[in-house]
Amino acid sequence: GSSDAAARPLAIDLGCGEGRDTAELLSRGWEVVAVDGHPLAAELLSNRANLPNPERLSVVVAAFESMGESMSGAGVFGRSPPRLVNASYALPFCDPASFDAVWRSIVLAIPRSGRFAGQLFGDRDEWATLADRSHQTRSRVERLLEAFEVEHFEEEERDGVDATDHPKHWHVFHVVARKR
């Protein structure tokens with residue numbers, strides 16, 4: 001019943017893609033609002049085989065640049081505040097002009113002792129030269145995390161390949177942080 005839903009923690013999965021993280025959260029008892037700007041992502045997620053607890057999933061097709069009001073204020077779409085905002089390899093694809101507002105929305109949406117988990121791309125990442133990507137220096141990432149107690153912070157820099165198997169130099173900050 002509704003008391004069960006109220007007891008379940010809520011996670012927002014920003015840039016959910018085909019839903020790997022969403023499926024894991026659902027399997028662990030979370031209620032999930034999965035957000036992606038691409039209708040194909042919502043379709044892939046909704047049609048995912050063996051999706052656990054699909055009744056706990058809400059899929060929103062929207063650019064996360066437009067999510068500010070929905071994430072904070074009266075809670076997410078009328079729900080209680082999210083205990084987790086997950087942004088796996090999503091925030092670097094935020095329009096740089098909107099990044100500060102998006103980050104502010106994330107920080108405001110997460111209640112005390114809630115968590116942020118995700119990646120930010122560094123300034124030495126090969127894609128840092130692309131005008132539509134958001135990249136951060138290490139000192140800027142540290143400033144962005146001032147409202148949090150950082151539980152995991154890993155700066156990774158390596159040569160590898162991107163999702164389409166093209167060579168790429170990666171500079172990534174992996175973060176898990178609990179709101180103070």
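The values are calculated or read from the model by the stated rules, or taken from the named source; none is laboratory data. The model shown is predicted, which means the values in this text are computed figures rather than measured ones. When we count neighbours, we look across all protein chains shown, and the Cβ atoms used for this are built from the backbone with ideal geometry, even at glycine. Each accessible area value is taken on the protein alone, full model and side chains, heavy atoms only, with ligands, DNA and RNA left out. Shrake-Rupley method; radii C 1.70, N 1.55, O 1.52, S 1.80 Å.
Would you confirm whether or not region 99-109 contains a residue that is in contact with a Lys or Arg (Cβ under 9 Å, 6 or more places away or on another chain) and either more than 28 Å from LEU26 (Cβ to Cβ) or part of a strand (DSSP E or B) (or both)? No: zero hits.
Assess whether ALA63 counts as being farther than 24 Å from ALA101 by Cα, without any contact (Cβ under 8 Å) to a residue 60 or more places away in the chain and open to solvent by 40 Å² or more (accessible area, probe 1.4 Å). It is false that ALA63 is farther than 24 Å from ALA101 by Cα, without any contact (Cβ under 8 Å) to a residue 60 or more places away in the chain and open to solvent by 40 Å² or more (accessible area, probe 1.4 Å). Among the residues making up region 107-131, a single one is of a type in the set (Asp, Glu) and either under 18 Å from the mean Cα position of the chain (by Cα) or surrounded by 19 or more Cβ atoms within 10 Å (Cβ to Cβ) (or both): ASP125.
Pairs meeting the criteria (first residue in region 81-104 and without any contact (Cβ under 8 Å) to a residue 40 or more places away in the chain and under 21 Å from ALA131 (Cβ atoms), second residue open to solvent by 60 Å² or more (accessible area, probe 1.4 Å) and of a type in the set (Gly, Ala, Ser), beta carbons under 9 Å, at least 6 apart or on different chains) are PRO96/ALA131; SER98/SER66.
For first residues located in region 13-24 and open to solvent by 40 Å² or more (accessible area, probe 1.4 Å), partners that are hydrophobic (A, V, I, L, M, F, W, C) and lie 6+ apart or on another chain with Cβ distances below 8 Å form the pairs GLU18/ALA41; GLU18/LEU44; GLU18/LEU45. So for region 99-106 (the condition being within 18 Å of the chain's Cα centre (by Cα) and open to solvent by 70 Å² or more (accessible area, probe 1.4 Å)), does at least one residue qualify? Checked against the condition, which is being within 18 Å of the chain's Cα centre (by Cα) and open to solvent by 70 Å² or more (accessible area, probe 1.4 Å), region 99-106 yields at least one hit.
Checking each residue in region 139-180 for being among the β-branched types (Val, Ile, Thr) and assigned to a strand (DSSP E or B) picks out VAL150, VAL161, VAL172, VAL175, VAL176.
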